[in-house]
Amino acid sequence: MTENEETPRTRSLRDWLRIADFQVAQSFGAAFAAEGVSRREAMLLRALSAGPVTTDRDKRFRSLEERGWVTQRGDGTWELTDDGRAAADRLTARLDALHDTIRDAVGAEQYEALASSLEGVSRALGWDENARMPRPGRGWGPGFGPGFGPGRRIPAVRGFRALGMGSSPGVRTGLPARLPGRMGARRPR
């Protein structure tokens, strides 16, 4: 196949959405890493670029404060220092260049049509302006629920023994060590 010929489309829309999402996330991640900031720190720098921010969540600003990029006034208001403004400007330039690369890949007209089409599909499938944005890495459904997460201990005994279906000292569930008719049951000889 020559360079000018189009390759046949063998992937679904879902595949292309996932691939594009991954590539965009990787590109943004690389831009953040080049400036030595996390995604959250980048969002804070961009918010502070618009002006001072008043919040009671000081912990989020501490890493930026340690770098000398932000300072806190006595009333709980955070603002950029000169070094912070320079870092925010560098980050903004990187992100603007990334947006330009994405827009130039398909052309400005097709980019707007793509954004409009994706909005139409999202609205047709039930999304509205008041819905929260999905968070990456969260999967489908409501999540694991209570009892999971930091501080939760997983039993040292694993597999069927943890369920009381095997002989293990200390595991007492009232079930026999081997269940007849089940995997692992003793067979008469």
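FYI, it's all coordinate maths here, none of it is from the lab. Note that the structure is predicted; figures quoted are calculated from it, not measured. Backbone-built Cβ (ideal geometry, glycine too); neighbour counts: all protein chains shown.
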How do 115-126, 79-90, 22-33 rank on mean C-beta neighbours within 10 Å, highest first? 79-90, 22-33, 115-126
Using only the Cα atoms, what convex hull volume per residue in Å³ does segment 39-109 have? 95
How far is it, in nm, from the label point at Arg123 to the one at Ala86 when both lie 7 Å from their Cα along the line to the Cβ? 4.6
Looking at Ser49, Ile19, Gly29, which one has the Cα that reaches farthest to the positive end of the dipole of segment 1-92 (charges on Cβ: Lys, Arg +1; Asp, Glu -1)? Ile19
